[in-house]
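The values are calculated or read from the model by the stated rules, or taken from the named source; none is laboratory data. Because the structure is a prediction, the values reported are computed rather than measured. All Cβ positions, even for glycine, are placed from backbone atoms using ideal geometry, and neighbour counts span all protein chains on display. Heads up: the accessible areas ignore ligands, DNA and RNA and are worked out on the full protein's heavy atoms, side chains in. Shrake-Rupley method; radii C 1.70, N 1.55, O 1.52, S 1.80 Å.
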Protein chains: 2
Amino acid sequence: MRYTISQVAEKFDLTAHTIRYYDKEGLLPFVERNKAGNRQFSDKDFDWLKLICCLKNTGMPIKQIKLYIEWCLQGDETLEMRRQMYLDHRTEVIKQMNDLQENLKTIDYKLEFYDTICNIPVNADKLSAGK
Amino acid sequence: MRYTISQVAEKFDLTAHTIRYYDKEGLLPFVERNKAGNRQFSDKDFDWLKLICCLKNTGMPIKQIKLYIEWCLQGDETLEMRRQMYLDHRTEVIKQMNDLQENLKTIDYKLEFYDTICNIPVNADKLSAGK
DNA sequence: AATTGACTTAGAGCTAACTCGAAGTTATAG
DNA sequence: CTATAACTTCGAGTTAGCTCTAAGTCAATT
């Protein structure tokens with residue numbers, strides 16, 4: 001099956017503009033064109049896009065994703081670099097998760113405070129960020 | 001105890017520039033000045049800054065943080081709005097954590113693949129993002 | 001009295017990641 | 001044959017969040 005840019009946009013919850021931007025930035029060098037010059041996405045391209053979205057949504061900059069894709073196209077000589085990239089990125093993602101969990105504690109603490117004070121709205125914090 | 005902007009920057013791993021930027025954006029209306037016009041941070045301000053960093057690091061836009069701080073200074077009439085903001089933000093943070101966890105699976109799957117292929121570097125994926 | 005260093009403001013500049021508009025091409029429906 | 005819709009490129013514009021520079025103030029040291 002072949003898909004147009006707007007079908008892909010729909011499927012990945014992106015805009016066609018964004019997909020063209022990704023292409024321009026070198027993230028989609030493998031996408032083929034028909035005689036009219038229109039992009040023709042294949043199911044194989046969907047795997048690439050899923051991966052690109054995964055890396056993007058975990059905070060990897062587009063330039064680094066581009067680099068990774070270049071490595072993939074270069075072949076086996078870049079295998080170890082790619083593996084190392086995933087190792088480093090995994091560490092980053094774990095850190096993000098830990099940071100979120102830590103910050104969630106603060107938010108939950110605040111919520112406890114507001115849940116209490118909103119039922120008994122007396123003597124609330126006007127100028128204090130604590131408690 | 002009173003602290004200068006550079007001491008605060010050091011403590012919160014920000015630059016003095018960034019702190020002035022936050023002040024300009026309305027995040028630090030409570031910070032006092034000495035006769036020379038220099039900012040004088042107190043321990044109470046540290047609580048505010050911790051909270052601001054928490055919200056910022058969980059993806060809350062600076063404009064919304066500013067709004068929250070305005071609400072705090074307005075007093076009890078905004079208690080319910082503040083509580084609702086924390087509820088909404090909590091949902092956001094949980095979503096971020098779930099998304100990260102989901103994406104981490106993809107990364108771990110990739111790592112498994114690269115761990116295998118890097119020990120037996122034969123027939124690697126040259127043009128496929130899958131498997 | 002002069003130098004040094006840390007602060008001040010105002011405002012310009014930067015980067016990432018889009019986001020949009022203009023002008024043009026092509027395939028299909030009427 | 002023409003109108004419409006969906007695509008194309010190019011390049012300008014936008015937004016968030018800084019980041020930096022210039023020019024100036026002020027307190028403390030030499």
Residue identified as open to solvent by 90 Å² or more (accessible area, probe 1.4 Å), touching a residue at least 24 places away in the same chain (Cβ under 8 Å), more than 16 Å from the chain's Cα centre (by Cα) and within 14 Å of DNA strand D (Cβ to nearest atom) among A:ARG33, A:ARG2 | A:ARG2
Sole exception among (1) at negative phi; (2) open to solvent by less than 30 Å² (accessible area, probe 1.4 Å) for A:GLY26, by number | (1)
Which residues, counting only those in region A:85-103, are touching a helix residue (DSSP H, G or I) at 6+ places or on another chain (Cβ under 9 Å) and farther than 18 Å from B:ILE52 by Cα?
-> A:MET85, A:TYR86, A:LEU87, A:HIS89, A:ARG90, A:VAL93, A:ILE94, A:MET97
So B:ASN38 fits all but one of (1) surrounded by fewer than 15 Cβ atoms within 10 Å (Cβ to Cβ); (2) within 17 Å of the chain's Cα centre (by Cα); what number is the exception?
-> (2)
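Residues are listed down the side, and each one gets a yes or a no for (1) more than 15 Å from A:THR106 (Cβ to Cβ); (2) away from DNA strand C (no atom under 11 Å from the Cβ); (3) charged (D, E, K, R):
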site: B:GLU10; (1), (2), (3): yes, no, yes
site: B:GLY37; (1), (2), (3): yes, no, no
site: B:ASP45; (1), (2), (3): yes, yes, yes
site: B:LYS50; (1), (2), (3): no, yes, yes
site: B:GLU70; (1), (2), (3): yes, yes, yes
site: B:MET85; (1), (2), (3): no, yes, no
site: B:GLN96; (1), (2), (3): no, yes, no
site: B:LEU100; (1), (2), (3): yes, yes, no
Just wondering, is there one or more residues in region B:44-67 that are at pLDDT 95 or above, away from DNA strand D (no atom under 16 Å from the Cβ), more than 7 Å from every other protein chain (Cβ to nearest Cβ) and touching a Lys or Arg at 6+ places or on another chain (Cβ under 7 Å)?
-> no
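Against the condition away from DNA strand D (no atom under 12 Å from the Cβ), out of contact with any helix residue (DSSP H, G or I) (no Cβ under 8 Å at 6 or more places or on another chain) and not in a helix (DSSP H, G or I), how does B:GLN7 come out, does it pass?
When the stated conditions are applied, B:GLN7 does not pass them.
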In region B:31-66, the residues that are basic (Lys, Arg) and under 16 Å from B:THR18 (Cα atoms) = B:ARG39, B:LYS50, B:LYS56, B:LYS63, B:LYS66
Being away from DNA strand D (no atom under 12 Å from the Cβ), touching a residue at least 12 places away in the same chain (Cβ under 8 Å) and more than 14 Å from chain A (Cβ to nearest Cβ), is that true of even one residue in region B:10-19?
-> yes
How many of the residues making up region B:53-68 are farther than 11 Å from A:ASN103 by Cα and more than 16 Å from DNA strand C (Cβ to nearest atom)?
-> 6
